[in-house]
1. Ignoring solvent entirely, what values of log10 I(q)/I(0) come out of the Debye formula for the stretch 188-309 at 0.11, 0.14 Å⁻¹ when each Cα is a single scatterer?
2. Using just the alpha carbons, could you tell me how many Å³ per residue the convex hull of the stretch 246-309 encloses?
3. List the relative contact order of the stretch 87-131 as a percent without decimals, with contacts defined as Cα pairs under 8 Å and 6+ residues apart.
4. What is the projected area of the convex hull of the Cα atoms of the stretch 116-168, averaged over all directions, in nm²?
5. Please compute the Kirkwood hydrodynamic radius of the stretch 1-108 from all pairs of different C-alpha atoms, in Å with one decimal.
6. Take the Cα radius of gyration of the stretch 121-271 and divide it by 2.2 N^0.38 Å, with N its residue count; two decimals is plenty.
7. Would you work out the relative contact order for the stretch 135-211, in percent, from Cα pairs under 8 angstrom that are 6 or more residues apart?
8. Choose one answer from Ala110, Ala127, Ala75: the residue with the largest mean-square fluctuation in a GNM of the chain with alpha-carbon springs under 10 Å.
Amino acid sequence: MKAQATAFSPASVGNVGVGFDILGHVIEGVGDTVTVRRIASPEVRIAAIRGVAMDLPLDAPGNTAGAALISLREALALPFGFEVDIDKGIPLGSGMGGSAASCVAALVAANQLLESPLTREQLYPHALVGEAVASGGRHGDNLGPMLLGGLVLSTADRLVRIPVPEHWHSVLVHPDAILETRRARAALQGSYELKEFVAQSAQLALVLAGCHAGDAGLVRAGLRDVLVEPRRAPLIVGFDAAKQAALDGGAMGASISGAGPSVFAWFDGREDAETAAPRIQAAFAAAGLTSQAWVSPINATGAEVLSES
């Protein structure tokens, strides 16, 4: 059995606007790296967390990676434990799936240390346990794509990879601001009308149909969040201008990534995405915010093992 493994998990776009808590896709170029070591003591220890601007819990049950590994240990009745080093590459409170990435990378690394490694789908329930520590809910919109890559529909107990044309790309722009997930979820409290749910269901159906058919026109018709975005947009400085910049640049649609404040947009080609990215950043700059931008295929690769010994 191997003694140590290191894994990387990319960032992600949660919700994809119309798929609240159930739809997401990965973004290449940014992510978290986690090293897991097998130890004799039957416990999980967080040895170090690096690369963050604020403290994250070293207490394993209160850490997303730690909680996920505790769940894995208990489910498999492992006679050994894990020691974990986390190198954060995803900004905290960014809407880029930072808590999920640490959790998934830890599980993928630990899985390499098992006598009989699990499938990515079998790791999913333990990832849900970890995600709940950070967000207070067991939702897989970030976890699913990190585990499988690409665009994934993630229900309570199932992961479904959604086919997407290889030339479709996404732009993700993260303004230099923090929006805590719990605060963003609090903005969704209140009553909703049935017609809002019907409209959002129709939008999601159009996007999924468009992905399966490779029909950008269907996605353009559907990629408009009418349920969550109107309630969260006021929390994000410069959002309206950033979204409009993406649409003016030919985006199939644009919305809030995860809980925000990051913004994503889908494009029917890499060239249009690369042209639009600085325009979206300029919109945030006009609101007084610097930002970072990534252009990525929607079908980017999920979490992967970097090394093992």
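Since every read-out is calculated from the coordinates, none of them should be taken as a lab result. Bear in mind the structure is a predicted one, so any value in this text is a computation, not a measurement.
1. Log10 I(q)/I(0), no solvent term: -0.44, -0.68.
2. 123
3. Computed value for the stretch 87-131: 38 percent relative contact order.
4. 4.3
5. It is 14.2 Å.
6. Dividing the Cα Rg of the stretch 121-271 by 2.2 N^0.38 Å gives 1.06.
7. Result for the stretch 135-211 is 23 percent.
8. Checking each option, the largest mean-square fluctuation is seen for Ala75.
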